[in-house]
Structure formats: C-alpha cells, structure tokens
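Working notes for the structure below.
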Amino acid sequence: MAFVVSNILGIVVGLIAAIRRGTWIDTVVTGLAYLGVCIPVFWLGILMIYAFGYKLHLLPIAGYTSPFDNFWLSTKQIIMPVICLSIFGVASIARQVRSSMLEVITQDYIRTAWAKGLRERVVVMRHALKNSLIPIITLIGMSVSAIFGGSVIVETVYAIPGMGRLMVTALFGHDYVVVQSGVLIVAFIMIFMNLIVDISYGWIDPRIRYG
C-alpha cells in the first residue's frame, strides 16, 4: 500500500509543481518535499500517534487487524503506518518528477506541440511525462528497498506483526533460519523489481529497445 501511494501521489504532486513552476503551489510542494526527505520516520510515527491517536482519538494507536475480520478497523489501523512508509517516497519521487519535467518541457518538440495548438493535458501526459519517466522509473525501483528498510521501524512503533519486525526479533533470538529466509525473500523481491525496471525502460523509450 505504501509503495502504491508513494508512487502515484509523488508523480501527481511533482507533475503539478513542474507545470505550475514559480507559483505558490511549486513553492509549497518543493518545501514539503525537502521536509519529507529529511523527516525521521520513527519521530513522525510517534508524533502521529500522539496527535491522532492520543489527543484526537481519530485512529487506533497500534496493532493490526485482518481486513477479512474487520475491514473498517483494519483500514483505520494502516493509515498512519502507510503515511510513515510513503512520506519519503512521495517526497523523493515528487522532486525527481519536477526536475525531469522541467528538463523535458524546454525541448524543441514540446514547443512544437504547444505551437500546433494541442491541449495542455495532451502535451503534458503524452509528450512531456512519457519522455521524463526513465529516471523516475529508476527511483521507483529503488523506493522498494527504502520501504522494506523503513518497515522495521514502523512495525515496531505501531506494534504490527510484519516481516521486518519478525526478522529483528529472530535476529535478537539467534533464530538464523528465519533471518536467512527473510533476507532471501527481500533479495528476491529486489531482484524482481530491478528486472521489471529494466524491462520497462524499453517499453517507455523505444530507442533503448532498438539499440
């Protein structure tokens, strides 16, 4: 869930900031992106528990419930962990999208598209965004490792019985079989994501495929 949220929200926010460059929207997005990259995950988690769980009583403080048992409770329980896990991804992807889009929209073919009278949505989505996706796709693949690394802290803060917390508990308990199994699963996921990223290069940019 954090992977999906960080990628979709990061691309959308970065795209808006690039299109509205120099406006107050760009200033706010850029400032929040720098803040999101620097903010510690554990501190944000504790702060959200204090604000939304202890003071406002809007969300459960900790724990995990299967959505098949209680969907509404499960949804409320994952809101704060997903925000903590996705905040860094949203910030980093938004910065990269903004930077890539600003580089692409100065190209001659973008000016030609504007001169032909194409609508803004067509110019941005069909021409500018697609040609700026190569560094963004690379960053999306790298965000998987960041999410897995941050899950250990988030699962500890919110008392979620996840894989990261299981591996830490097994490490302190000298249960090396569980640790090796967890590392193997994470390594397989990382290799698979790198493969998907490499394949997507050719789909996004035909020059790579033909070369």
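When the charge dipole of the chain is built from unit charges on Cβ atoms (+1 for Lys and Arg, -1 for Asp and Glu) and taken about the Cα centre, the candidate among Leu139, Ser6, Met125 whose Cα reaches farthest toward its positive end is Met125. Per-residue packing, averaged as other Cβ atoms within 10 Å, sorts the ranges 175-183, 39-47, 153-161 into the order 153-161, 39-47, 175-183, beginning with the highest.
Neighbours of Leu166 by Cβ distance under 13 Å: Lys/Arg scored +1, Asp/Glu scored -1, total -1. Applying the Karplus relation 6.51 cos²θ - 1.76 cosθ + 1.60 with θ = phi - 60° to region 114-131 yields 3J(HN,Hα) values of 5, 5, 6, x, 5, 5, 4, 4, 5, 5, 6, 7, 8, 9, 6, 5, 4, 7 Hz, where x marks Gly and Pro.
Shown here: P(r) over Cα pairs in 5 Å bins from 0, in percent, derived from the displayed model; of the candidates [x] 1, 7, 12, 14, 16, 15, 12, 9, 7, 4, 2, 1, 0, 0; [y] 1, 6, 13, 15, 14, 11, 8, 8, 7, 6, 5, 3, 2, 1, 0; [z] 1, 7, 13, 16, 19, 18, 14, 8, 3, 0, it corresponds to [x].
Counting alpha carbon pairs within less than 8 Å and at least 6 residues apart, what relative contact order, in whole percent, applies to the chain? Reported relative contact order: 25 percent.
Against the chain, whose longest principal axis is taken from its Cα atoms, helix 2-19 shows a tilt of about 30°. Annotation for Thr23 and Leu73: the two label points, set 7 Å from Cα along the Cα-Cβ direction, are 4.5 nm apart.
Any idea how far the Cα center of region 74-147 sits from the one of region 40-56, in Å? When both Cα centres are located, 28 Å separates them. Charging the Cβ of each Asp and Glu at -1 and of each Lys and Arg at +1, and nothing else, the dipole of region 2-210 about its Cα centre rounds to 780 debye.
Straight Cα distances below 20 angstrom link Lys130 to the lysines Lys116, with same-chain residues fewer than 8 positions distant left out. With 0.36 nm allotted per residue and the present C-alpha distance subtracted, the Ile46-Lys130 stretch has 26.4 nm of extension available.
Computed from the coordinates by the stated procedures, all read-outs in this text should not be read as laboratory data. Here the structure is a predicted model, which means the values were calculated and not measured. Don't worry about glycine lacking a Cβ; one is built from the backbone with ideal geometry, like all the others, and counts go over all protein chains shown.
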